[in-house]
Amino acid sequence: MGKEREQQLLPGRDRHLATRFSYGLTPELARDVRRAGGAEAWFEKQITKPHKVADGAAERLRGWWPDLDRSPADLWQRQVQEVRGGWEVMADYGRWLLVRRMTTRRQVHEKMTEFWEALLHVPVSGDGQFTWRADYGDTIRKHALGRFDELLQATTTHPAMLIFLSGATSTKRAPNENLGRELLEIHTLGAGRYTEDDVKASARILTGWRVDLWKTWQLSYEPEDHWTGHVRVRDFSHANSSADGREVTRDYLHHLAHHPLTARRICERLATKFVRDDPPEALVRRLARTYLKNDTAIVPVLRELVASKEFKASAGRKLRDPSEDVVATYRALGIDVRRPASSASAANAVLWQAEAIGLSPHAWPRPDGSPVDDATWISPARMLASFEVHWSLAGGWWPDDDVRYRKPTRWVPPGKGVRFRDLVDDLSRELLHKPASKRLLETATRATGCRGKERITRDHELAEWKFPRLLAAILDSPDHYSC
């Protein structure tokens, strides 16, 4: 049994890479890594050929929430006629993301889609932008492993962004500075890297892009609304003499995407998310050089990041945020989420579990998007909320509609059963993908009252009614919170 257990675990380096770039290392993911020939080969396939990773189960999930594929005008009319509010459709979007993260075999693509959606943030709440918000997420998904300059072009002129940051109503007579400012401060250069004159010029460049608000919600470009005349934003200069400002928009966004300050900001955020809260300056500089050398392509940057000594030294030192915690717990317990039939169904209730811990997907209310550091998510309140969710799922108590939980007999063999310490080790290997530590065994002993050599059979009180205590003790351990 011991040899068999060893063969089921990935080597430490592979465990680190597969855990950091996934929503939880399951036995199925470990099998994919082994079949690929190791974590590095698995990662390379994930970033270069994600479309060749069969993912039918995840793709079919979209059909569970059909409102996500309605047109903006249709969604708006349904809200006006009180058929279904925009906030309800956006709740569906969050649910779809959470269940997709549990299911997809394209884990790296999913992680990078979430990363960019947080950086180029459009909150899911808010009248107006909800009509285009699912399409906005699809647009980012399309570019998530491509080039940042193309991603920036697609998101800055997307109706959801134009509505959220007032670009849709900005004209040459009254340029609105929201989009022009956040483009500089959040999406590219960073705070303190521009002047107020830069903001004014940035806003003027972006005039002309319109959305037919409250009617058809269609995107258009209106030359009569575009401000013309010479513009300068830091070291970007353009005559901007044409009423059709789409060319100056393209040139401006291309310039910003290739700016060294943007390279640094993007790479510092990547290193914060995937390495540590205070990424070493040397690592950020190397990543930024790679970003610029490769025309803003993200794959070479990711490749360099995971090959770095800084990444390798960071194993187990990143904290899962609230949504990651919920998804990882479903994955660890092997919970089978079924097509939702009511609001109480697990596929719908999972959104409230993420909210209870701290934040559901892309609900961060400010333009700067949800933080990627650990410090934001470390608090006693968050830990207590996580305990509550772990406990509920360990017992299979809630949600209990359209979901199937594993029974304790799934882990306790028939007949003579298994010694308690071996049972803890088996569970640790399956839920945490590592052998049980002395500390974890001690915690499990305290939580259940069982002794290490005690034999656990299927009619033992542990299997009959105490098993949630054991599962929750493992899920509440630092090894489950970290990734």
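The values are calculated or read from the model by the stated rules, or taken from the named source; none is laboratory data. Predicted model only: the values in this text are computed from it and were never measured. Glycine also receives a Cβ, built like all others from the backbone with ideal geometry; neighbour counts cover every protein chain displayed. Just so you know, the surface numbers come from the protein's heavy atoms only, side chains and all, with ligands and any DNA or RNA stripped out. Shrake-Rupley method; radii C 1.70, N 1.55, O 1.52, S 1.80 Å.
Could we say that Arg406 is open to solvent by 50 Å² or more (accessible area, probe 1.4 Å), closer than 30 Å to Ala341 by Cα, of a type outside the set (A, V, I, L, M, F, W, C) and not in a helix (DSSP H, G or I) here?
yes
Given the residues Ser386, Ser392, which is the only one that is more than 22 Å from Lys438 (Cα to Cα), open to solvent by less than 40 Å² (accessible area, probe 1.4 Å) and under 22 Å from the mean Cα position of the chain (by Cα)?
Exactly one of Ser386, Ser392 is more than 22 Å from Lys438 (Cα to Cα), open to solvent by less than 40 Å² (accessible area, probe 1.4 Å) and under 22 Å from the mean Cα position of the chain (by Cα), namely Ser386.
Please list, ordered by first then second residue, the pairs with beta carbon atoms under 6 Å, 6 or more apart or interchain, first in region 349-377 and under 19 Å from Trp65 (Cα atoms), second in a loop (DSSP other than H, G, I, E, B) and open to solvent by less than 30 Å² (accessible area, probe 1.4 Å).
Ala349/Pro399; Leu351/Ser360; Ala354/Ser360; His362/Val124; Ala363/Val124
I'd like the full set of residues that are of a type in the set (A, V, I, L, M, F, W, C), buried (at least 20 other Cβ atoms within 10 Å of the Cβ) and within 27 Å of Phe148 (Cα to Cα), limited to region 307-336.
Phe311 - this is the single residue of region 307-336 that is of a type in the set (A, V, I, L, M, F, W, C), buried (at least 20 other Cβ atoms within 10 Å of the Cβ) and within 27 Å of Phe148 (Cα to Cα).
Having 3 or more residues that are in contact (Cβ under 8 Å) with a residue 24 or more places away in the chain and under 23 Å from Leu305 (Cα atoms) is the bar; report the helices (runs of 4 or more DSSP H) wholly within region 1-105 that clear it.
Qualifying helices (runs of 4 or more DSSP H): 12-20, 27-36, 39-48.
Residue by residue through region 13-47, note down the ones that are open to solvent by less than 60 Å² (accessible area, probe 1.4 Å) and over 22 Å from Glu324 (Cβ atoms).
Ala36, Gly38, Ala41
Filter region 112-148 for residues that are open to solvent by 10 Å² or more (accessible area, probe 1.4 Å) and among the basic types (Lys, Arg) and give the result.
Arg141, Lys142, Arg147
Spot the failing condition for Glu304; the list is (1) assigned to a helix (DSSP H, G or I); (2) open to solvent by less than 20 Å² (accessible area, probe 1.4 Å), and only one is missed.
Unmet for Glu304, out of (1) assigned to a helix (DSSP H, G or I); (2) open to solvent by less than 20 Å² (accessible area, probe 1.4 Å): (2).
Quick test for you: out of Ser360, Ser370, pick the one residue that is open to solvent by 20 Å² or more (accessible area, probe 1.4 Å) and either at pLDDT below 95 or in contact with a helix residue (DSSP H, G or I) (Cβ under 6 Å, 6 or more places away or on another chain) (or both).
That would be Ser370, the only listed residue that is open to solvent by 20 Å² or more (accessible area, probe 1.4 Å) and either at pLDDT below 95 or in contact with a helix residue (DSSP H, G or I) (Cβ under 6 Å, 6 or more places away or on another chain) (or both).
Condition check ((1) within 21 Å of Asp197 (Cα to Cα); (2) touching a residue at least 60 places away in the same chain (Cβ under 8 Å)) across all residues:
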site: His238; (1), (2): yes, no
site: His255; (1), (2): yes, no
site: Thr262; (1), (2): yes, yes
site: Leu270; (1), (2): no, yes
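Can you find, within region 214-271, the residue that is nearest to the chain's Cα centre (by Cα) among those that are among the hydrophobic types (A, V, I, L, M, F, W, C) and open to solvent by 40 Å² or more (accessible area, probe 1.4 Å)?
Checked region 214-271; the qualifying residue nearest to the chain's Cα centre (by Cα) is Leu219.
Just give me the residues in region 414-446 being touching a strand residue (DSSP E or B) at 6+ places or on another chain (Cβ under 9 Å) and either at positive phi or open to solvent by 50 Å² or more (accessible area, probe 1.4 Å) (or both), in sequence order.
Lys416, Gly417, Arg419
Determine if region 218-235 includes at least one residue that is in contact with a helix residue (DSSP H, G or I) (Cβ under 8 Å, 6 or more places away or on another chain) and either of a type in the set (Ser, Thr, Tyr) or closer than 24 Å to Asp321 by Cα (or both).
Yes, there is a match, as at least one residue in region 218-235 is in contact with a helix residue (DSSP H, G or I) (Cβ under 8 Å, 6 or more places away or on another chain) and either of a type in the set (Ser, Thr, Tyr) or closer than 24 Å to Asp321 by Cα (or both).
Go through the residues of region 337-351 one by one and say whether even a single one is among the charged types (D, E, K, R), in a helix (DSSP H, G or I), open to solvent by 50 Å² or more (accessible area, probe 1.4 Å) and in contact with an Asp or Glu (Cβ under 9 Å, 6 or more places away or on another chain).
No - not one qualifying residue is present in region 337-351.
Pick out the one residue from Lys434, Lys438, Lys466, Lys453 that is touching an Asp or Glu at 6+ places or on another chain (Cβ under 9 Å) and either within 20 Å of Ser386 (Cα to Cα) or not polar (S, T, N, Q) (or both).
Being touching an Asp or Glu at 6+ places or on another chain (Cβ under 9 Å) and either within 20 Å of Ser386 (Cα to Cα) or not polar (S, T, N, Q) (or both) holds for just one of Lys434, Lys438, Lys466, Lys453, which is Lys434.
Condition check ((1) within 23 Å of the chain's Cα centre (by Cα); (2) more than 23 Å from His259 (Cα to Cα)) across all residues:
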| position | (1), (2) |
| --- | --- |
| Glu117 | yes, no |
| His121 | yes, no |
| Thr131 | yes, yes |
| Arg147 | yes, no |
| Pro159 | yes, yes |
| Lys172 | no, yes |
| Asn176 | no, yes |
| Asp197 | no, no |
| Leu206 | no, no |
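Give me the residue from region 119-143 that is without any contact (Cβ under 8 Å) to a residue 60 or more places away in the chain and hydrophobic (A, V, I, L, M, F, W, C) and, out of that set, farthest from Asp251 (Cα to Cα).
Of everything passing the filter in region 119-143, Phe130 is farthest from Asp251 (Cα to Cα).
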